[in-house]
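Working notes for the structure below.
The values are calculated or read from the model by the stated rules, or taken from the named source; none is laboratory data. Keep in mind that what you see is a predicted model, and the values were worked out from it rather than measured. Here the Cβ is made from the backbone with ideal geometry for all residues, glycine too, and neighbour counts use every protein chain on show. Each accessible area value is taken on the protein alone, full model and side chains, heavy atoms only, with ligands, DNA and RNA left out. Shrake-Rupley method; radii C 1.70, N 1.55, O 1.52, S 1.80 Å.
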Amino acid sequence: MKNILPSIICLFLIIKVTAQENRKFFYATLQDEVSAVANAHVINLNTKQGTFTNNNGEFRVLAKANDTLQISFVGYETKNFVVDVNHFGMQENYIQLKKVPIELDEIAIKKHNLLGHITSDTKHIKSKKEINAETLNLPFAGSRILTPAERRLHTATSSYGGIAIDPLLNWISGRIKKLKKFKAIEDKEKRIEHIRNNYHILIEYELKILKEDIDRFIYFVESANDFTPSFLHNEVTMILFLQKKSDEFKKLNPKNYK
């Protein structure tokens with residue numbers, strides 16, 4: 001039994017590594033008869049993972065030979081593209097979309113008494129006034145909806161008329177400090193979720209972080225002293241930062257990353 005166990009473990013590791021290496025990034029440029037097609041949706045029908053083309057029509061998606069990519073965009077015919085083993089070579093891959101006409105709903109032209117002069121025609125045009133919080137002049141109309149943590153902190157630090165008794169009492173009791181802590185935790189969770197949603201494929205398949213370590217690695221990245229939330233708004237900066245932190249993370253876990 002003792003001799004069989006190491007063999008089972010080795011077999012499991014081989015299967016796991018093979019499964020991860022089955023698919024690699026497929027790179028291509030999407031274009032029509034004139035120019036590149038930006039913001040088109042590309043999805044691998046075999047893995048259900050997708051992406052969008054950038055301003056130059058370029059995209060990348062995990063795939064392997066015989067995977068089918070479905071490419072769609074408004075005004076173009078949806079295309080199913082089958083990946084071939086030769087597409088992973090040094091040559092550039094170009095995929096062409098075909099434009100299709102967009103049919104508009106039928107409209108009815110009615111007689112009117114407009115003369116073509118704005119000053120006189122505006123008197124004859126009847127329009128329904130939009131009814132919402134802003135047109136009704138309700139308090140705080142048009143303001144951003146606060147998150148639960150922001151709402152509790154705002155309530156604790158605000159006062160409506162008279163002496164601000166609530167903020168004073170909350171400051172004495174330490175409640176404001178506690179609510180600010182909750183707000184900081186909420187912001188941290190949002191950043192971690194953003195990294196997980198947008199970079200988990202890169203982390204697992206390109207940076208070679210073990211699947212069971214992905215969450216721990218993301219917390220490690222977000223908690224780093226040299227991490228700033230502005231990285232989340234620049235994909236290139238964030239990818240470079242993740243690459244740097246992956247090296248540090250592997251050095252801290254030498255048993256799992258040799």
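Key figures for this structure:
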| read-out | value |
| --- | --- |
| Selection within the range 79-88 - of a type outside the set (V, I, T) and open to solvent by less than 40 Å² (accessible area, probe 1.4 Å) | F81 |
| Residues of the range 188-212 satisfying the condition of being part of a helix (DSSP H, G or I), more than 19 Å from R60 (Cα to Cα) and either touching a helix residue (DSSP H, G or I) at 6+ places or on another chain (Cβ under 8 Å) or aliphatic (A, V, I, L, M) (or both) | K188, R191, I192, H194, K211 |
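Rundown of residues vs (1) within 23 Å of the chain's Cα centre (by Cα); (2) over 26 Å from N197 (Cα atoms); (3) open to solvent by 60 Å² or more (accessible area, probe 1.4 Å), yes/no style:
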position: L30; (1), (2), (3): yes, no, no
position: V34; (1), (2), (3): no, yes, yes
position: A40; (1), (2), (3): yes, no, no
position: T47; (1), (2), (3): yes, no, no
position: F52; (1), (2), (3): yes, no, yes
position: G57; (1), (2), (3): yes, no, no
position: E77; (1), (2), (3): no, yes, yes
position: Q96; (1), (2), (3): no, yes, yes
